[in-house]
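See below for the structure under consideration.
All of the numbers you see were taken from the coordinates with simple rules; none came from a lab. Treat the numbers as computed from the prediction; the structure is a model and nothing was measured. Here the Cβ positions follow ideal geometry from the backbone for every residue, glycine too, while neighbour counts run over all protein chains shown.
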Amino acid sequence: MADKLRIALASGDGIGPEITDACLSIFERAGVMDHVEFVPVSMGESEFAKGNTSGISDDAFRSVESLGVLFKGPMGTPTGGGGKSVNVTLRKTFGAFANLRHFQTLPGVETVFSKAGYNIDFHVVRENVEDTYGGIEHRVTTDVMQNLRLISGPGSDQVHRFAFETARSLGLKEVYCGHKANIMKLTDGLFLKRFHEVGESEYPEIERGDVIVDALCMNLVIHPNKYDMIVLPNLQGDIVSDLAAGLVGGLGFAPSANIGDRIAIFEAVHGTAPDIAGKGIANPTSLLLSGLMMLRHIGLGSIAATINNALLATLEEGVHTGDVRGSGEPVGTKAFAEAIGDRLGKTPSTCEPKVWSGDSVTFEPLGAPSELEMMCSDREAEIEHVGCDVYLGSRAVPNEIAPVLESLCEGSALKLSLISARGTQVWPTGSMYTQCVDHHRCRFERRDPSAAVDPRVCHELMMRIAEKFQVVCYIPLKYYDGERGYLLAQGQ
Ligand code: NAD
C-alpha cells in the first residue's frame, strides 16, 4: 500500500476531545486509518493559556501548511484580552475562502418540518475571509466605532466559482445568491454582479437566482426546499447557515468544510459546549459529517458513504444523544459512536442511502506558493479623482462646521458639497429631525465637473482642515472607467 496521507488533527476544547475520539473510533472501524495518518497539532485554549494570542502553535501552522488538510474540533475563544478566534484566524490565514455547509433532514431527528413530512436538503456556501470579518475596526471618535467592510471582485469570483463548481458536481440545477445589494450597492452590488458574471460565462447550464437576504430568511422558514444551493457574503452567510441548521435539528447536525485553493479545514459548526464538556453526552454528528466531507475531499467517497449510511441507520433506529428530540432514551457520546460502528455496512430504509465513489486517496498537498499571491482583475481601471470625503470628530453641529470648511476651501478646485450624519445628508439641506453624533462626513467635490482634481489638492485641504478639526478618516472620491466609485448620501 502507498504511504498514508497525513492529516493535521486538532481535537479542540470543551467537548472537542470527546467528539473527536468518537469520530476517530468510527474512522478506525471503517478502515479510514488504512489510508490516513492523523497528526495531532496544538491550538486553542492550551495555546492561549501560554500567552500565544493567535491560539495556534508555530508547529501547528507549519503542519497545516505542509499537509493541506486540517480536521478540527471546536475551539474556545477567550472573551476580552488580545485573543482572536482560532477558527477565523485559520480560515483567513490559509485562504480557505469558501465555507460549505449541507443541511438535510435526518431520520429519527424530530423537527417541525420532519413532523410535517417535509424533506430538507440544501447547501449554503458562505464567503469566508472578507466582509466585516476582516476585523478592521477602529474607535474613531468618543461615541463612534467603525468597521471597514471589504468585498473584492476576485474574492467574490472565487467563492461563486466554488459554489457553481460544487452545484455542478452534485448535479444541482440552480444556484441562488443571497445579498443586501439594495442597501449596500457597491459592496454587495459587486458580490451580486460577479455572481451573475461567473455563472453566465462559466456555468451557463446552471440556472441563477438572486434574493435579498431578509426575504431569503423568511422563505427558508416557510418553504426551505425552494433552494438547492445559496451563496452569500460572510456575515449574512454566517447568520443564514445557523438559521438553516435550526431547520434540520440544530447545530449538532450541521457539517462544515472551509475550502481554499491549497488548504481545506473540516470542523464542527457548533462551539465547545462548556456546559456539557466532560460529561460524555455530546453529539458527535456535526464533526462526523464534517469528517465525511473531508473523506470525500481526499478521495475516500466510498468509505464516507458507508459511514454516512451507518449514521442514518443508527438515527433511524432511534439511537440518539440527549440534545436530539427523538423517541427513546438518549445514549452518551461513546455509545452513539459504537452504535454507528456496529451498523457499518447497513443502509437506511426510510431515506435514500448515500452512494459516493472513491476508495483511494487522490488528494495531494500543493505546499506553499513561492511568493504571496496577488489576485487582480485583468486590467487596472482608469481612475479620475473628483474630490474627497473628510470625516471629522466634533461635537459641533453641522451648521457651525460648514462655514469654517467653506472658508478653508475657498479659491481651491474643491467645494463643500454636503455634510452627512451617519450617512444621511444634513447640510446644505436636510431635515431637522435627523439626529447627529460626534462624527461628520464632509464631502468635497470638484467645482468644475469637467476637470479632474489633482489628489494633492485634496491632501492639502485635509491638512488645512486638520489644523481646525479632528480628522478621523479620509477617503478620496474617484470615478473608475467613468463610473462613480462612491454612493450618494441618503437624501443627496
Ligand atoms: P456552543 O455551540 O458551544 O453551545 C451552544 C449550546 O449548544 C449549548 O447549550 C451546548 O451544550 C449545545 N451544543 C453545542 N454543541 C453540541 C453538541 N455537539 N452536542 C450537544 N449539545 C451541543 O456555543 P457557545 O456556548 O456560544 O460557545 C462556547 C465556546 O465555543 C465559545 O468560546 C465560542 O467562541 C466557541 N465557538 C467555537 C466554534 C468553533 O470552534 N467553530 C464555533 C462557535 C463557538
Added length on full extension, which subtracts the Cα-Cα distance from 0.36 nm per residue, Val221 to Arg62: 53.0 nm
- line: If unit charges are put on Cβ atoms (+1 for Lys and Arg, -1 for Asp and Glu) and the dipole of the range 306-459 is taken about its Cα centre, the option from Tyr433, Pro365, Asn309 lying farthest towards the positive end turns out to be Tyr433
query: Magnitude of the Cβ-charge dipole of the chain, K/R +1 and D/E -1, about the Cα centre, nearest 20 debye?
result: 780
- request: Sort out for me the Cα centre separation of the range 51-78 from the range 167-243, rounded to whole Å.
  value: 31
query: Taking the Cβ of Ser66 as the center, what net charge do the other residues with Cβ under 11 Å away carry, scoring Lys and Arg +1 and Asp and Glu -1?
result: +1
- prompt: How large is ³J(HN,Hα) for each residue in the range 251-257, as worked out from phi by the Karplus curve 6.51 cos²θ - 1.76 cosθ + 1.60 (θ = phi - 60°), to whole Hz, x for Gly and Pro?
  reply: 5, x, 10, 9, x, 8, 10
query: Out of residues 5 or more away from Arg6 or on other chains, whose amide H comes under 5 Å of its own, with H placed 1.01 Å from N in the peptide plane?
result: Glu37
- line: Here FRET efficiency (C-beta to C-beta, Asp359 to Ser85, R₀ 45 Å, nearest 0.05) is 0.80
message: Given R₀ = 41 Å, what would the calculated FRET efficiency be for Glu371 paired with Lys185, taking r from the Cβ atoms and rounding to 0.05?
response: 0.75
- line: Once the dipole of the chain is set up from charges on Cβ (+1 Lys and Arg, -1 Asp and Glu), the residue from the list Thr93, Ile120, Ile136 lying farthest towards its positive end is Ile136
message: Under 5 Å between amide hydrogens, which residues at least 5 positions from Met229 or on another chain qualify, with H placed 1.01 Å from N in the peptide plane?
response: His123, Tyr176
statement: So, over other residues within a Cβ distance under 13 Å of Asp143, counting Lys, Arg +1 and Asp, Glu -1, the net charge is +2
- request: Determine, for Ser85, Ser349, the number of other Cβ atoms within 10 Å of each Cβ, and report the residues in order from fewest to most.
  value: Ser349, Ser85
task: Could you check what % of the DSSP bridge pairs in the chain are antiparallel, to the nearest 5?
output: 65
query: Distance from the Cα centre of the range 2-27 to that of the range 267-345, in angstrom?
result: 13
query: Which net charge results when you count Lys and Arg as +1 and Asp and Glu as -1 among the other residues whose beta-carbon is under 13 Å from that of Ala368?
result: -2
Within straight-line cross-link reach of Lys50, aspartates and glutamates at Cα separation under 17 Å, skipping those fewer than 8 residues along the same chain: Asp13, Asp58, Asp59
field: Cα convex hull volume per residue for the range 383-484 (Å³)
entry: 97
task: Sort Trp427, Trp356 so the one with the fewest other Cβ atoms within 10 Å of its own Cβ comes first.
output: Trp356, Trp427
query: Does the range 1-145 come out rounded, prolate or oblate, given a ≥ b ≥ c as the square roots of the eigenvalues of its C-alpha gyration tensor, rounded meaning a/c under 1.5 and, failing that, prolate meaning a/b above b/c?
result: oblate
- line: Non-local residues with an amide H under 5 Å from the amide H of Gln470, with H modelled 1.01 Å from N and Pro and chain starts lacking one, are Gly393
query: For the range 65-71, in order, what is each residue's ³J(HN,Hα) by Karplus, 6.51 cos²θ - 1.76 cosθ + 1.60 with θ = phi - 60°, in whole Hz (x at glycine and Pro)?
result: 4, 7, 8, x, 9, 10, 10
task: Would you kindly derive the ³J(HN,Hα) couplings of the range 343-355 from the backbone phi angles with the Karplus curve 6.51 cos²θ - 1.76 cosθ + 1.60 (θ = phi - 60°), listing them in order in whole Hz, with x for Gly and Pro?
output: 9, 4, x, 8, 10, x, 9, 9, 8, 4, x, 7, 10
query: Given the pairs Lys415/Lys478; Lys72/Lys115; Lys72/Lys279; Lys173/Lys354, which span a C-alpha to C-alpha distance of over 22 angstrom in this model?
result: Lys72/Lys115
message: At 0.36 nm per residue, and after removing the present C-alpha to C-alpha distance, how many nm does the segment from Asp3 to Leu170 gain when stretched out fully?
response: 57.1 nm
- request: In nm, give the distance between the simple-model label positions of Thr350 and Ala49, each being 7 Å from the Cα along the Cα-to-Cβ direction.
  value: 4.3
